[in-house]
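Since the structure comes first, as structure tokens, the remarks are kept for the end.
The values are calculated or read from the model by the stated rules, or taken from the named source; none is laboratory data. Since the structure is predicted, the reported quantities are computational estimates derived from the model, not experimental observations. Here Cβ is always computed from backbone atoms with ideal geometry, including for glycine, and neighbour counts include all displayed protein chains.
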Amino acid sequence: MNPPLDLLLGLDRMLGRTHDRVAATLLPHLSSSFRAIDLPLVGGLLADLCRELDVTGDLASAAELGPALGNARAYAWRALALVGDGTGRDDHDLARRCVIEVVDQLDAARRDVVTVLSDHGFGSRRPRWHGWAGPAASPAQVIAFSRVTATCAAALLPAGSRAEYAELFLSELHDLAEARSGRWAQVRYACRVLLSAPRLRRALG
């Protein structure tokens, strides 16, 4: 039985958003120096990621996908266990490698979706992003400059608010991209949130 088109397209979008969110909000925290890592924040982000991948995996069970999504879930849970055990330097490095694997496996899972779409006559579709380097530049996608600028803006905020606002900023950029508002609309928005970040930080306390 062929998986329904709306399920495949929904998975495509979910995997893309999860990929971008992990690359933009989780990896930067694990890339910081070991002493500066915010364990509660990273642990919370990983827990959210694990729950999201569990839900995505349940939706994907009827989509005839390969093992990549299951691999991503396994790596995410492993990273969460490493952080939850009271991360030492070696555990921090291993958790970071696990998260990089999560992003790469999400990229592979999205390619699986594209393959299934093609196999069932839904037409070929090129991936919107490639590996953990982030989304490719296109008028219908979030461009790298805007994504990095918005991530920097979120990093200026208090630790407890970074993840929430990073997700908000990236969501707005995705909406601009999907509305095909053009690259300059994304650049203007990203620059605006970066310039307003110090004021927002003071307001958040």
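In the set Asp48, Asp54, which member is at pLDDT 75 or above, closer than 24 Å to Val148 by Cβ and among the acidic types (Asp, Glu)? Break it down into steps so the answer makes sense when it comes.
Values: Asp54 fails: closer than 24 Å to Val148 by Cβ.
Matching residue, one of Asp48, Asp54: Asp48.
Among the residues of the range 173-188, write down those that are assigned to a helix (DSSP H, G or I) and more than 19 Å from Ser161 (Cα to Cα).
Here is the first cut: in the range 173-188, the ones assigned to a helix (DSSP H, G or I) are 173-178, 183-188.
Residues satisfying the conditions are His174, Asp175, Leu176, Ala177, Glu178, Arg183, Trp184, Ala185, Gln186, Val187, Arg188.
Output the residues belonging to the range 57-86 that are among the polar types (S, T, N, Q) and either buried (at least 20 other Cβ atoms within 10 Å of the Cβ) or at pLDDT 75 or above (or both).
Within the range 57-86, the first condition is being among the polar types (S, T, N, Q), and the residues that meet it are 61, 71.
Matches in the range 57-86: Asn71 only.
Kindly indicate which of Leu94, Leu170, Leu176, Leu157 is closer than 22 Å to Cys50 by Cβ, at pLDDT 75 or above and surrounded by 17 or more Cβ atoms within 10 Å (Cβ to Cβ). Please lay out each step first, then the result.
Working: Leu94 fails: surrounded by 17 or more Cβ atoms within 10 Å (Cβ to Cβ); Leu176 fails: closer than 22 Å to Cys50 by Cβ; Leu157 fails: closer than 22 Å to Cys50 by Cβ.
Only one candidate qualifies: Leu170.
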